[in-house]
Structures are given as C-alpha cells and as structure tokens.
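Only one structure is covered here, and it is reproduced in the block below.
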Amino acid sequence: MKKCPLLAVGLISAIALTGCPTDNSSSSAPQPSQETATSSRPDLSPGVRVSRSAAGIPHIEAENFAGMGYGYGYVQAEDNLCLLAEDVLTIRGLRARYLGEDGVYRIPANGTTTSNREADFFWRSAATDEAIAPLKANAEEDVINASSGYVAGYNQYLQEIRNGEHPGRHAACRDAEWLLPMEEDDMFRRYYRLGVLASSSVFVDGIAGAQPPTGPEALPAQPEELLESLQGTEELPFPLGGELPIGSNMYALSGDTSRSGESMLLGNPHFPWEGTERLYMAHLTVGDEANIMGSALYGLPAVLIGFNEHFAWSHTVSTAFRFTFYELTLNPADPTQYLFEGEFVDMEEREITVELLDQDGEIREETRTLYYSHYGPMLEFEAAGIPILNWTNGKAYTLRDANAENDRLINQFFQWNKADSFEEFVELHKTVLGVPWVNTIATGPGKPAYYGDVTVVPNVPDSKVSQCATALTPVFGQLSPGLPVLDGSRAECAWDTDADAPAEGIFGPSNLPTLTRDDWVHNCNNSYWLSNPEEPVTGFAAIIGDEETPRSLRTRECITKIQDRLDGSDGRPGSNGFDLLNLQDTVLDATLHSERLARGSVLDAYCPLPTLPTSSGGFVETAEACAVLSAWDGTNELDSRGGHVWREFWRNINPLPADTLMWLTPFDAQDPVNTPRDLNVANPAVAMAFADAIERINNAGIALDAPLGEIQYSAIHEDFIPVAGGNGADGSFVIAFPRFTSLEQDNGYAVDFGNSYIQTVTWDDNGDPVAEGFVTYSQSTDPASPYFQNMTEAYAEKQWIRFPFTRQQQARDGGRERVQLPQPVQVPNPAN
C-alpha cells in the first residue's frame with residue numbers, strides 16, 4: 001500500500017478491456033484476447049481520494065461515479081484479488097478450462113455444490129449476452145460509469161501484481177495463468193448472477209444436465225409415491241421444505257423505543273465467510289450526489305446495506321419464491337416438442353461448448369445441446385436421489401425466473417445510495433421495485449420504523465395456482481407451500497401483471513406487504529406476517545409467504561429480545577428501552593430460544609435416569625452431561641460450557657414434526673410468539689436424541705464441559721480465532737454455522753458461515769450517524785493483508801468498531817491511512 005498526504009490524484013482516463021468473446025452461447029468456449037481497446041468511459045479526470053480507517057474500511061471520494069468506481073475497484077482488488085479473479089472465470093464459464101474439469105464449484109449462499117464442468121455449462125447457457133443485455137440497456141448512466149471505473153481500478157491493481165509490485169501479496173494467484181483482466185460485461189454478468197442467486201442458480205446441475213429421454217418409455221413420477229418417499233427424508237434441499245442457507249436478523253426501532261428518543265437500526269446478515277457472497281464495507285462519496293456508508297457483495301460498486309445522515313437500512317432473505325415451474329406435455333413422437341395452445345412447439349436448442357482441463361494437463365472440448373421453452377430453461381430436479389421433476393417421453397419441466405428478467409436490480413441500489421431522505425428511500429422501494437430476494441427495513445433520524453417485502457415476485461395469485469394445477473401441485477403444496485407447478489400448455493397460466501408493476505409478470509407494490517410503525521419492526525427470515533406481533537400483516541398470495549403459521553425459533557427469539565428490552569425483563573440495567581450500548585449487548589447476546597423452552601423439562605425427565613438408550617443399540621450414562629447442562633449459562637458465549645451438548649441434542653430432534661410428537665402445547669395463531677411450547681420429553685425419540693448427543697460428543701473426544709471458545713473457531717483464518725454463536729434451528733440469535741455438522745469430521749466446529757456484516761446505527765443531536773459494527777471475517781481474503789483477520793479478532797472480543805462517517809469522525813480515527821491511486825494503464829490479456 002502506498003501512503004501519501006490526502007490529496008486528489010489526477011487520473012487521465014480509463015481503459016475498457018476486451019477479454020473473452022461476448023457470445024456465451026457460441027460453439028466454442030471464450031478465450032482471452034491479447035488486444036486492448038480504449039473507451040471514452042469513464043472520465044476520471046476530476047480525481048479520486050482514498051483513505052482507510054484503522055480497521056481497513058476504505059473511504060472513497062470522487063467527483064463522479066466513474067472515479068468512485070475506479071477507487072472501489074482498486075482497493076477491493078488490493079484486498080481480494082484472487083477471489084475476484086476466480087469469479088471472472090465463473091461468470092465467463094472458464095472454470096473447467098483453468099481450474100480443472102472435476103474441481104468443485106460451490107455457491108455457499110444457496111447450497112449449490114457441483115463440478116467446474118457443470119458450472120461452466122450452466123453459466124455459459126445462462127449469463128449470455130442476451131441475458132445481460134436488458135440490464136445494460138436499462139442501467140442508469142451512473143451505473144455504467146461506476147462499473148467501467150471499477151473495471152479500470154481492478155485492472156490497474158492486477159497490472160501492478162503482474163509487474164512484480166506488492167511482493168508477498170496474493171500468493172495464491174499472483175502467478176496464475178487464470179489471473180485475467182476484467183471487462184465491463186463481467187460486471188453485468190456479476191449483477192445477473194446476484195439476481196438469480198435465490199432462483200436459477202439453485203439448479204445448476206438440473207439445468208446444465210437436462211436432456212430429453214433417448215431410451216424406452218420413461219414414466220413420470222407418481223405424486224403419492226413422491227410424497228411417501230420424501231416426507232420421511234431429512235434435510236431436503238431448497239425449495240422442498242428446506243430454506244436457503246443465507247439468513248439475517250434485523251431491527252428498525254423508532255424513537256418511541258429508545259432511551260434517547262432517536263431511531264436506531266440493526267443490520268446483521270448471516271452470509272458465507274467464503275466466496276463472493278462475502279460482504280465488503282466502504283464509504284462512498286460522489287460529489288454532491290451520494291454520501292453513503294455500508295457493505296455490498298463483492299464486485300458491486302455500491303452500498304447494499306448501509307446508512308447516512310438521512311436513513312439506515314438492512315435486508316434479510318425473503319420467503320417469497322422468485323420462480324415457478326411449468327409442466328410441459330410433450331409430443332409422444334418427439335420429446336423436444338411441447339403442447340402450447342393446442343399445437344406442438346419446438347424447444348429452442350442452444351449448443352454450448354466448454355473447454356476442460358484434465359488431470360494430465362490436456363485441454364479438450366465438450367459440447368452439449370441444452371433446451372429452452374418460451375418460459376425458460378428445461379431442467380430436471382431430484383432430492384435424496386429421488387427424481388422429482390424428470391424429463392420423460394410424456395412430461396417435462398421448465399423454469400421461469402423473475403429475477404433473470406429483472407433489469408432494475410442495480411439501479412435500485414444506486415438510486416437508494418443517492419436518496420436525500422427516508423421518505424425518498426421508501427418511495428424508491430416501490431417505484432423502482434428492483435430488489436431481487438430480500439426483505440427491507442429502514443428508519444432515519446426522527447422517523448418511524450419501516451418494513452417491506454417489496455421485491456420481484458412472479459404474479460401468481462392463489463386463484464391461478466388452483467386453475468393451473470398439475471399432478472405435482474399437491475406434492476409441492478405439502479413439501480414447499482407457496483411454490484407453484486403450473487400447466488405450461490395454456491396461455492392463461494402465464495403470470496399476471498399488476499397495473500402498478502414496473503415490468504410484466506410481477507406483482508406491483510399494491511400487492512406486496514409493507515408495514516410502518518411508530519415503535520418497531522423486525523425480520524429474522526420468516527414471512528412478513530409477524531413483522532410486529534401487534535399488527536400482523538395478512539392477505540397476500542401464498543407465493544410471497546405464509547400467514548398464521550408457526551414462526552421459527554430464531555424469529556421467536558428475535559421478537560422476545562425486543563419485548564424483553566422494552567418491558568425491562570431482560571435484566572439489563574437502567575431504564576427500559578434501547579440505547580446503542582444495550583442494543584449492541586443484545587446483538588451479541590448468544591442466547592437460544594430452545595433453551596428457554598425446554599432445558600428444564602429435559603433435565604427433569606432424563607437426569608434422574610442413570611443411562612439412556614442410543615439409536616446404535618447401546619446405552620450412555622447421563623450424570624456428567626446432566627451436571628454440565630444444569631450448570632450451563634444457557635448461551636453460546638465463548639466461555640459457555642454445555643452449549644455444544646444442547647446443540648447436538650437439538651440437532652437430533654429438529655427433524656421431528658412440529659406437532660404433538662414434539663410439542664405438547666400446539667401452535668396458536670393468537671399467541672404465535674409463545675407457541676408451540678412444552679417439549680414432549682415422553683416421546684422416546686426425544687430421549688434417544690439426548691442419548692445420541694452424549695454419545696457423539698464422547699466419540700469425538702471432546703469434553704462435555706469444554707468451553708465453546710476452545711472448540712468453535714474461524715475456519716478461514718490460519719490463526720485460531722474463537723467464534724461465539726450457534727445455529728438458527730435451535731433458536732440461536734448469534735449465528736455461527738460450522739463447515740461440517742459432524743463433530744467426528746472436524747474435531748469441533750470450524751465456522752465458515754453466519755454473522756457477517758453487523759451494523760448498529762443511530763443519530764446524534766446534530767443528526768450525524770453514530771454507527772459501529774464488524775465485518776466478522778474481516779475485509780481481506782489475502783493472508784498477507786493487514787486486514788485479513790483484524791475485525792475477526794475484534795469480533796471475538798466484542799470490541800465494537802467505529803464506522804467513521806463524518807469528516808470529524810474520520811479525523812478522530814488515529815490509525816487512518818491515506819492511499820495514493822496510480823494512473824490507470826492499459827492491461828494486455830496474456831496469450832492463451
């Protein structure tokens with residue numbers, strides 16, 4: 001890093017680089033080019049100023065969005081070059097060419113794991129020129145300029161690495177053949193990839209491998225057999241009864257709930273600690289057009305969750321589905337023709353070729369023909385080895401993805417970043433309607449608390465689901481309520497369009513849930529229904545979310561924490577209500593709702609028994625585990641002893657149905673925060689779950705009374721850094737998911753998922769934001785960076801980090817560093 005006085009650095013121009021051919025559906029895989037081309041965008045001549053806070057947060061000041069993008073691209077490459085470079089390979093469909101055909105490709109945010117080969121076929125068929133063209137055509141000028149600037153900044157740092165500068169940095173990739181320059185289309189492919197994170201990209205294998213039958217007559221699955229086979233299966237993948245791995249906690253608190261009388265906000269996404277769905281924090285100032293601080297997923301030169309002097313906001317993953325399946329009736333003589341409005345229609349054929357690097361270092365080509373209906377790609381889908389949507393001689397299935405059609409996504413966040421008031425922020429939520437798959441809350445100084453699931457949702461009212469039902473509709477109705485499987489043979493089964501919708505086929509804001517209150521709103525990943533229990537939100541289509549159904553234990557813990565603070569029953573000192581300190585204490589208070597509900601009854605039922613039977617046919621002694629759980633403080637704090645015993649126990653009973661087999665007091669929609677309750681300890685399966693937990697910990701060689709801080713730690717850092725928290729299934733509020741769920745595999749819990757970017761925000765008497773928090777895994781993925789683990793160490797110690805927003809706040813940051821940006825240069829692509 002170069003240090004200098006905080007002066008504007010004149011930048012002459014930027015270079016837009018050519019890379020792979022832009023036709024991703026061509027018959028040959030894209031190849032790096034050696035040519036460069038000069039573009040008139042972006043104009044960086046006014047200069048850019050960059051500094052870093054002591055924690056490594058870049059403050060980027062520019063007179064236009066092109067300059068902001070340049071500074072952002074440069075510092076993000078400085079922190080995360082290898083990760084960003086790998087993502088370029090991914091979205092161009094070049095993973096198998098450079099990283100090996102059988103290498104593993106993961107999208108931790110949606111649970112996808114596949115091979116590089118399948119990933120390349122998927123992305124080269126999905127993120128085509130045609131797919132990203134609407135995003136580019138509809139992008140505001142500021143988006144275009146910021147994107148081009150980002151490319152120039154990234155490429156500038158990449159060229160410095162190639163020139164041998166920054167010795168010791170980015171050792172994992174600095175000499176790699178696959179360290180390719182970025183081009184503007186890569187940015188739009190990245191935006192597209194973000195949009196379909198909760199939809200198409202869940203089905204990488206199913207889309208990349210979907211092929212018509214070639215053998216004897218294949219029969220479609222029978223609904224009754226499917227239900228019987230799947231209902232006893234644990235951990236079905238999304239969307240069959242499972243949730244996306246990503247989650248979040250968030251609160252918006254008006255002045256009526258705070259001690260100061262000023263509004264407050266908590267944002268706490270639970271996202272991967274690895275990959276480009278990490279969150280990166282920056283402060284962006286663009287002339288007099290934008291002044292915003294917060295975080296974004298890698299490769300996006302904007303703030304996606306953040307704050308300024310006017311408002312603060314956050315997101316959680318919504319329950320709404322962003323896609324629907326369509327069942328196609330096929331021509332018996334040709335399984336690539338389907339019935340539509342009484343006529344057989346040819347599927348579109350796309351020939352995709354990818355290059356594959358084998359174990360001997362040889363490169364070969366593989367070509368597939370993938371098929372598309374007028375709705376979208378053909379796909380096949382199975383769970384637990386059972387075909388659910390399979391391509392037979394009579395039926396096949398296709399996917400329509402609303403976010404693959406969403407050309408407003410990136411504009412939404414740029415407009416929010418430029419908003420001048422809380423009211424404008426809320427209005428833009430409705431008028432742009434580009435948020436892809438997350439709930440939003442917001443508040444501002446002196447403002448109420450706002451919640452909205454104003455997102456891109458297929459316009460499929462419940463009446464259409466009934467009118468267009470197929471044989472599989474009841475199956476999905478039980479396993480994945482709200483997700484339609486529609487009849488693709490009739491035009492009347494196409495998605496509707498609301499008059500106030502900004503695009504065809506989606507709900508408009510009048511048919512999407514919102515709530516504004518003078519006290520508080522929250523979301524912890526259940527639907528909109530119980531955003532505040534005093535005012536349930538009802539009357540919306542099932543595809544958006546469920547109503548009057550049990551909430552998760554984490555949601556109940558989220559609500560209970562607010563209620564306990566407002567009535568003073570949480571035991572915290574002082575008057576009722578929130579201030580920044582007790583909000584932060586609440587945020588990192590690693591309690592879990594299942595302990596509130598069930599520890600006493602478990603101890604009373606099983607501890608008088610000297611032994612309990614296990615599922616393996618043996619017996620375990622209960623005395624030591626009972627002594628540990630009796631003394632346990634009921635949390636997943638680092639010094640807690642016994643939380644892992646409870647975690648392993650609850651992991652065993654979680655698959656039990658949430659009915660009288662598990663709870664004696666059933667769910668009551670009139671008391672949703674406190675029901676269901678009263679664990680059915682008389683159920684032999686619950687007793688066996690307790691015994692199995694003891695046995696598993698004993699077999700792993702871990703002490704039953706081991707402090708959590710000795711057995712749970714960051715999986716992504718070289719040094720041992722303890723990590724507090726648990727998992728959402730047992731109602732933990734502080735989230736820390738281990739890479740492996742089995743103790744036998746990992747000798748403890750190696751965390752690579754959970755609390756990620758945390759912001760707590762309020763405003764002082766001058767209206768200036770007062771914000772603190774963490775990037776829990778730190779800003780950089782480069783072990784040689786000073787910002788590789790500094791915030792993670794602070795997070796482990798609960799040492800909250802100031803987010804300096806105003807110039808006065810920045811001036812008080814004693815560790816602030818000034819960064820000099822060089823002029824951008826042309827970066828030739830390496831010869832293939």
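The values are calculated or read from the model by the stated rules, or taken from the named source; none is laboratory data. Note that the structure is a prediction, hence the values are computed from the model and not measured. Here the Cβ is made from the backbone with ideal geometry for all residues, glycine too, and neighbour counts use every protein chain on show. SASA here: full protein model, heavy atoms, side chains in, ligands and nucleic acids out. Shrake-Rupley method; radii C 1.70, N 1.55, O 1.52, S 1.80 Å.
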Hits among aspartates and glutamates - C-alpha to C-alpha of Lys561 under 13 Å, sequence gap 8 or more where chains match: Asp570, Asp585, Asp589
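Identify the GluC sites (Glu not before Pro) of region 72-177 meeting these criteria: DSSP loop state and at most 16 other C-beta atoms within 10 Å of the C-beta. Could the numbers behind the result be given before it?
Details: sites: Glu78, Glu86, Glu101, Glu118, Glu130, Glu140, Glu141, Glu160, Glu165, Glu177; in loops: Glu101, Glu140, Glu165, Glu177.
Of the GluC sites (Glu not before Pro), the ones in loops of region 72-177 whose Cβ has at most 16 other Cβ atoms within 10 Å are Glu140, Glu165, Glu177.
Can you give the accessible area per residue of region 274-369, in Å², using a 1.4 Å probe?
Numbers: 3310 Å² over 96 residues.
Computed with neighbouring chains in place, this is 34 Å² per residue.
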Under 16 Å from Lys418, Cα to Cα: aspartates and glutamates that are on another chain or at least 8 residues apart: Glu61, Glu63, Glu140, Glu141, Asp142, Asp288, Glu289, Glu309, Glu427
Length gained when the stretch Glu130-Arg818 is fully extended (0.36 nm per residue, less Cα-Cα span): 243.5 nm
Cleavage-rule hits, trypsin sites (Lys or Arg not before Pro), region 403-499, DSSP coil, Cβ neighbours within 10 Å at most 15: Arg490
Under the Debye formula (equal points on every Cα, no solvent term), log10 I(q)/I(0) of region 128-221 at q = 0.19 Å⁻¹: -1.01
Interchain or long-range residues, amide H under 5 Å from Leu179's placed H: none
Separation of the Ser630 and Ser510 label points, Cα + 7 Å toward Cβ, nm: 6.4 nm
Carbon plus sulfur fraction of accessible area for region 331-395, probe 1.4 Å, in percent: 42 percent
Spin-label pair Asn698/Thr665, simplified geometry with 7 Å Cα→Cβ offset, distance in nm: 3.4 nm
Region 147-285 - charge dipole about Cα centre, Lys and Arg +1 at Cβ, Asp and Glu -1, debye rounded to 20: 720 debye
Among Gly376, Pro448, Ser229 the positive-end extreme of the charge dipole of the chain (Cβ point charges): Pro448
For region 534-688: accessible area per residue (Å², 1.4 Å): 43 Å²
DSSP-assigned coil residues among GluC sites (Glu not before Pro) in region 305-355, each with at most 11 further Cβ atoms within 10 Å: Glu341
Environment charge at Ser258 (Cβ cut-off 13 Å; Lys +1, Arg +1, Asp -1, Glu -1): -3
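Once you charge only the Cβ atoms, +1 for Lys and Arg and -1 for Asp and Glu, what is the size of the charge dipole of region 430-589 about its Cα centre, to the nearest 20 debye?
Details: 11 positive and 22 negative charges, 52 e Å.
Around 240 debye, computed over region 430-589.
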Positive-end residue of Gln808, Ser785, Ala796, charge dipole of region 775-815 with Cβ unit charges: Gln808
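Between Thr538 and Thr113, what is the FRET efficiency for a Förster distance of 45 Å, r being their Cβ-Cβ separation, to the nearest 0.05? Don't skip to the answer; put the middle values down first.
Details: r = 38 Å, r/R0 = 0.84.
Here the calculated transfer efficiency is 0.75.
Kindly state, to the nearest 0.05, the FRET efficiency for Glu423 paired with Glu274, given R0 = 45 Å and r defined as their beta-carbon distance. Display every interim value, and only then the final one.
On the way: r = 39 Å, r/R0 = 0.86.
According to the calculation, E is roughly 0.70.
Counting only C-alpha contacts under 8 Å and six or more residues apart, can you give the relative contact order of region 58-187 as a whole percent? Before the final figure, lay out the partial values.
Details: 157 pairs, mean separation 51.0, N = 130.
The value is 39 percent.
Expressed as a fraction of 2.2 N^0.38 Å, the rule-of-thumb size for a compact globular protein of N residues, what is the C-alpha radius of gyration of region 398-484?
On the way: Rg = 16.8 Å, N = 87, 2.2 N^0.38 = 12.0 Å.
Relative to the 2.2 N^0.38 Å estimate, region 398-484 comes out at 1.40.
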Cα-Cα pairs of region 700-832 separated by more than 19 Å (percent): 63 percent
Space enclosed by the convex hull of the alpha-carbon atoms of region 456-528, per residue, Å³: 112 Å³
Most positive-pole-ward Cα, Ser260, Thr90, Ser569, against dipole of the chain from beta carbon charges: Ser260
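If you take the Cα Rg of the chain and divide it by 2.2 N^0.38 Å, with N the number of residues, what do you get?
Numbers: Rg = 26.6 Å, N = 832, 2.2 N^0.38 = 28.3 Å.
Normalised Rg, Cα atoms only: 0.94.
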Where region 750-822 is the region considered: accessible area per residue in Å², 1.4 Å probe: 37 Å²
Unit charges on C-beta of K, R, D, E only; dipole of the chain, Debye: 1580 debye
